[in-house]
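The values are calculated or read from the model by the stated rules, or taken from the named source; none is laboratory data. This structure is a prediction, so every number in the text was calculated from the model and none was measured. A quick note on method: Cβ atoms are made from the backbone with ideal geometry, for glycine too, and the neighbour counts reach across all protein chains shown. Surface areas here come from the heavy atoms of the whole protein model, side chains and all, with no ligands, DNA or RNA. Shrake-Rupley method; radii C 1.70, N 1.55, O 1.52, S 1.80 Å.
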Amino acid sequence: MSDSFYLNKMAVLSNYTEDYFTYKLLPEYGEGTFTIFKIIPGFYLSFNNFVMKNKIINCDKKYELFSQTRMKIDYCLKGKVLAYNRKGKVCVSNKGKTSYYTGVENLYTVEHFDKQYESITLYGYINEIANVFEEIFKVKKKSFFDFCKLVNEEKEFIVIKRDTTAIRLVNEIKEGLKNKENENTRLRAIELLLYELKNFKGNKRRKEVYYSRSTIDKIIDIERYIINNLDQKITINKLSSKFDISVDILKKCFKQVFSTSVYAYVKKSRMEKGKELLKNSDKLITEIALICGYNNHHSFSKAFKGHYKITPREMRKSG
């Protein structure tokens, strides 16, 4: 925990017991908690539930590197995260995906795209974990070092869609944490790690294929452009030309980063903007329609009712 940028720079210890430590995110970074659960010596589980305000940049020299080789397996339950290390290695993970990392380098930038991020993380120093598992469970250390080799042979971070067994174990861990069933949580965490060791090589076939950092940066710029220009006519061809990116890569990479198509994202953003203005402004519905990129209130009302199952007028009346 002393190696963690998150825990030492962005959060403060708020509670602890014999079994766990809870850290509260500092207000300047957002709100929420990281609860660190002790599984066995050297092996920890973290339940992360927070809302991050802005992109996080780790410029602190003290937290560039971990003191030993670290293993981290993160099971995203809610939200979406984009992260880079200092070499530009990319990680994009969202609900239902598992990201893997082993090494000594801490993340450099982390950006959360959804309001709330929730995940369960297994982590610890690989040598300590390997020693304990060999001593207690007779699992050969080589299994852990082979796992690290498989994780690190990829150009980017490895992110994989979870299978039914991993989903079941993660859900049981979450339920155990919720009900404070400490022994059950420990057993499921150990079982999950052993499952990863045994099945990771085969599961790698389902890994995400990433685009370059420069391409992902363009996609993020495109998303910001969309949000700031909802009143304009937005087409994929126009975005492709403006940001110098092919139509095919734009479509595929945007869906990878934001889990939806460009047009679906534009429509959702316009509907959310319309809802916000209906509830928090006294602008006329015709005015709001134009702000949201619709030529008249009729087309806006039709789209709005299709999205929210309620008309703009009814939404405004409901407060």
Those residues of the range 45-66 which are under 30 Å from PHE145 (Cα atoms) and at pLDDT 95 or above, in sequence order: LEU45, SER46, PHE47, ASN48
Scan of the range 28-64 for residues that are surrounded by 14 or more Cβ atoms within 10 Å (Cβ to Cβ) and either among the hydrophobic types (A, V, I, L, M, F, W, C) or touching a Cys at 6+ places or on another chain (Cβ under 7 Å) (or both), ordered by number: PHE34, ILE36, PHE37, ILE39, ILE40, PHE43, LEU45, PHE47, PHE50, VAL51, MET52, ILE56
Of all residues making up the range 198-227, the number that are buried (at least 17 other Cβ atoms within 10 Å of the Cβ), of a type in the set (S, T, N, Q) and outside any helix (DSSP H, G or I): 0
Within the range 33-43, tally of residues that are touching a residue at least 24 places away in the same chain (Cβ under 8 Å) and closer than 13 Å to TYR6 by Cβ: 3
Selected residue (only one of VAL209, VAL266 is of a type in the set (Val, Ile, Thr) and either touching a Ser or Thr at 6+ places or on another chain (Cβ under 9 Å) or closer than 26 Å to ALA166 by Cβ (or both)): VAL209
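A quick yes/no check of all residues on (1) among the charged types (D, E, K, R); (2) touching a residue at least 12 places away in the same chain (Cβ under 8 Å); (3) part of a helix (DSSP H, G or I); (4) closer than 30 Å to VAL209 by Cα:
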{"residue": "LYS279", "(1), (2), (3), (4)": "yes, yes, yes, no"}
{"residue": "ASP282", "(1), (2), (3), (4)": "yes, no, no, no"}
{"residue": "THR286", "(1), (2), (3), (4)": "no, no, yes, no"}
{"residue": "ALA289", "(1), (2), (3), (4)": "no, yes, yes, no"}
{"residue": "TYR294", "(1), (2), (3), (4)": "no, yes, no, no"}
{"residue": "SER301", "(1), (2), (3), (4)": "no, yes, yes, no"}
{"residue": "PHE304", "(1), (2), (3), (4)": "no, yes, yes, no"}
Residues that are in a helix (DSSP H, G or I), modelled with pLDDT of 95 or more and open to solvent by less than 40 Å² (accessible area, probe 1.4 Å), drawn from the range 228-264: ILE236, LEU239, SER240, LEU250, VAL262
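A quick yes/no check of all residues on (1) out of contact with any strand residue (DSSP E or B) (no Cβ under 7 Å at 6 or more places or on another chain); (2) under 30 Å from LYS38 (Cα atoms); (3) aromatic (Phe, Trp, Tyr); (4) without any contact (Cβ under 8 Å) to a residue 24 or more places away in the chain:
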| position | (1), (2), (3), (4) |
| --- | --- |
| THR185 | no, yes, no, no |
| TYR211 | yes, no, yes, no |
| GLN232 | yes, no, no, no |
| ARG270 | yes, no, no, no |
Only one of THR35, THR22, THR69 that is under 20 Å from VAL159 (Cα atoms), modelled with pLDDT of 90 or more, in contact with a strand residue (DSSP E or B) (Cβ under 9 Å, 6 or more places away or on another chain) and not acidic (Asp, Glu): THR69
Condition met for MET271 (surrounded by 13 or more Cβ atoms within 10 Å (Cβ to Cβ), among the hydrophobic types (A, V, I, L, M, F, W, C) and more than 25 Å from GLY79 (Cα to Cα)): no
Condition met for LEU284 (loosely packed, with under 13 Cβ neighbours inside 10 Å and more than 29 Å from the chain's Cα centre (by Cα)): yes
Pair list, Cβ under 7 Å, 6 or more apart: the range 187-201 residue under 18 Å from LYS174 (Cα atoms) and free of Cβ contacts under 8 Å to residues at least 60 places away in the same chain, other residue of a type in the set (Gly, Ala, Ser) and open to solvent by less than 50 Å² (accessible area, probe 1.4 Å): ARG188/GLY176; TYR195/ALA166
Residues (of a type in the set (Val, Ile, Thr) and in contact (Cβ under 8 Å) with a residue 40 or more places away in the chain) located in the range 143-165: VAL151, ILE158, VAL159, ILE160
Among (1) surrounded by 13 or more Cβ atoms within 10 Å (Cβ to Cβ); (2) among the hydroxyl-bearing types (Ser, Thr, Tyr); (3) over 22 Å from ILE36 (Cβ atoms), the one test that TYR195 misses: (3)
Qualifying strands (runs of 3 or more DSSP E) (wholly inside the range 1-65; at least 3 residues being among the β-branched types (Val, Ile, Thr) and farther than 15 Å from LEU107 by Cβ): 30-40
Single condition SER318 does not satisfy, out of (1) small (Gly, Ala, Ser); (2) more than 16 Å from THR215 (Cα to Cα); (3) open to solvent by less than 60 Å² (accessible area, probe 1.4 Å): (3)
